[in-house]
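So the structure is just underneath, and the comments pick up after that.
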Amino acid sequence: MAKLQLSIAMGDYDRTRALLDGAVQIDGVDPVYMTLSPEEIFFRAFRGAEFDVSELSLSSYLVKASKGESPYVAVPVFLSRAFRHTSIYVRTDRIKQPQDLKGRRIGVPEYQLTAIVWARSILQDDYGVRPEDVTWVRGGIDTPGRPEKIKLQLPANVKMENAPEGDTISAMLDRGDIDGFIAPRPPGGAAANNPNVGWLFPDPTAIAKDYFKRTGIFPIMHVVGVRKTLSDQHAWLPGAVLKAFEQSKAVALEKLADTSATKITLPFVEEHLKAARDTMGSDYWSYGVAANRRTLEAFVRHHHSQGLSARLLSVDEIFHPATYESYKV
């Protein structure tokens, strides 16, 4: 039987490297891999469904899935995860604590980005700063004119405005035209060296570790999607994708733990790896629904409460049915 030739768009991560170099194969698939930036992948996937299998923004996927409009069905492969305490920058000359953000202006590249949903959830749950307590200013991080890739219908109490034409939220933060900045990337340009621009949390790692110990949540940013027309035609495909990505991640973790010659260009790898396992367990970057149900439930709840999901989705309807359970030996 001929293999399916599929286009697969994803980032170039250690956890995908074994797929890219062919060490791990997706059963029944002849892949054409494209390694692209998240911004390009998501724009092309949600505007034109250009890829057969694609890394997807979890938030953007839920916006579409809650309306029954997603061209993809998700697989519980979480290619990007991050504690987004490091994504919140402020004018440190006027913002001293999270509560100071009430009544202020915060720049975002897109309101619905997954990282920003998580950051808003942290501000609300832990510090009482609700989305409606601030004015959101939407604009490109370093390039003017960035569009919201998905049309949104936000609650009436959400105050949203666009950055001035030709301006960026990095430049606005540098000048002090906005008080805060939340994005998956840090502010660029002059803001990157402005002594009055910095993290809201001076020690975000300590805050994030405490957050995990209290909640058990390791925020999920990206999932993998399979084109629905393909999964409908080939019921085995979502499971095969999950299996291969699991195997590729296992290869990455095995190499990371082999510190006879460090595989990444970073000192203290052994110490960081031990700290992650001591804090979060041996399978600290887990795939699959069962190990991540608490994190997923928190996200879908906040996603809906922030006005991004048309309805409150159940975790049990987010992913392809074949990926909730797997065989045991």
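For this structure, a couple of remarks:
- Checked against (1) assigned to a helix (DSSP H, G or I); (2) under 25 Å from Arg94 (Cβ atoms); (3) among the aliphatic types (A, V, I, L, M), Ile178 meets all criteria but (1).
- Among the residues of region 280-290, the ones that are loosely packed, with under 13 Cβ neighbours inside 10 Å and part of a helix (DSSP H, G or I) come to 1 in all.
- Residue check for Pro98: assigned by TED's automatic domain parsing to the domain that holds Tyr127, touching a Leu at 6+ places or on another chain (Cβ under 7 Å) and over 19 Å from Gly307 (Cβ atoms): yes
- Scanning region 301-329 for residues that are more than 18 Å from Arg120 (Cα to Cα) and part of a loop (DSSP other than H, G, I, E, B) turns up Ala310, Arg311, Leu313, Ser314, Ile318, His320, Tyr324, Glu325, Ser326, Tyr327, Lys328, Val329.
- Of the residues making up region 39-59, just one is over 15 Å from the mean Cα position of the chain (by Cα) and assigned to a strand (DSSP E or B), namely Val53.
- For the residues Ile150, Ile141, the requirement of being outside the structural domain of Val73 (by TED's automatic domain parsing), outside any helix (DSSP H, G or I), modelled with pLDDT under 95 and under 18 Å from the mean Cα position of the chain (by Cα) singles out Ile150.
- Lys151 falls short on exactly one of the conditions (1) free of Cβ contacts under 8 Å to residues at least 24 places away in the same chain; (2) farther than 30 Å from Ala74 by Cα, and that condition is (2).
- Only one of the listed residues (Thr86, Thr16) is within 27 Å of Thr143 (Cβ to Cβ), crowded, with 22+ Cβ neighbours inside 10 Å and in contact (Cβ under 8 Å) with a residue 24 or more places away in the chain. That residue is Thr16.
- Enumeration of residues in region 120-164 that are under 20 Å from Tyr61 (Cα atoms), touching a helix residue (DSSP H, G or I) at 6+ places or on another chain (Cβ under 6 Å) and not aliphatic (A, V, I, L, M): Arg120, Ser121, Lys149
- Residue match in region 264-271 (condition: surrounded by 13 or more Cβ atoms within 10 Å (Cβ to Cβ), under 28 Å from Ala9 (Cα atoms) and of a type in the set (S, T, N, Q)): no
- Filter result for Val63 (in contact with a strand residue (DSSP E or B) (Cβ under 7 Å, 6 or more places away or on another chain), of a type in the set (A, V, I, L, M, F, W, C) and either buried (at least 19 other Cβ atoms within 10 Å of the Cβ) or at negative phi (or both)): no
- Residue match in region 195-212 (condition: closer than 22 Å to Leu58 by Cα and touching a Leu at 6+ places or on another chain (Cβ under 7 Å)): no
- Lone unmet requirement of (1) outside the structural domain of Ala49 (by TED's automatic domain parsing); (2) among the aliphatic types (A, V, I, L, M); (3) surrounded by 14 or more Cβ atoms within 10 Å (Cβ to Cβ) for Ala206: (3)
- Taken over region 302-323, the criterion of being without any contact (Cβ under 8 Å) to a residue 60 or more places away in the chain and farther than 20 Å from Gly68 by Cβ is satisfied by Ser305 alone.
- Being part of a helix (DSSP H, G or I) and farther than 30 Å from Gly22 by Cα is a condition met by no residue of region 255-264.
- Members of region 1-38 found to be assigned to a helix (DSSP H, G or I) and either within 15 Å of the chain's Cα centre (by Cα) or polar (S, T, N, Q) (or both), listed by number: Pro38
- One residue stands out among those in region 216-251 that are surrounded by 18 or more Cβ atoms within 10 Å (Cβ to Cβ) and part of a loop (DSSP other than H, G, I, E, B): the one that is nearest to the chain's Cα centre (by Cα), which is Pro219.
- If you filter region 67-96 down to residues that are out of contact with any helix residue (DSSP H, G or I) (no Cβ under 8 Å at 6 or more places or on another chain) and in a loop (DSSP other than H, G, I, E, B), you find that the one that is nearest to Gly11 (Cα to Cα) is Glu69.
- Checklist (1) surrounded by 15 or more Cβ atoms within 10 Å (Cβ to Cβ); (2) in contact (Cβ under 8 Å) with a residue 60 or more places away in the chain; (3) closer than 24 Å to Val300 by Cα applied to Ile41, failing item: (2)
The values are calculated or read from the model by the stated rules, or taken from the named source; none is laboratory data. As the structure is a computational prediction, the values presented were derived from the model and not from experiment. As a convention, Cβ positions derive from the backbone with ideal geometry for all residues, glycine included, and neighbour counts pool all protein chains shown.
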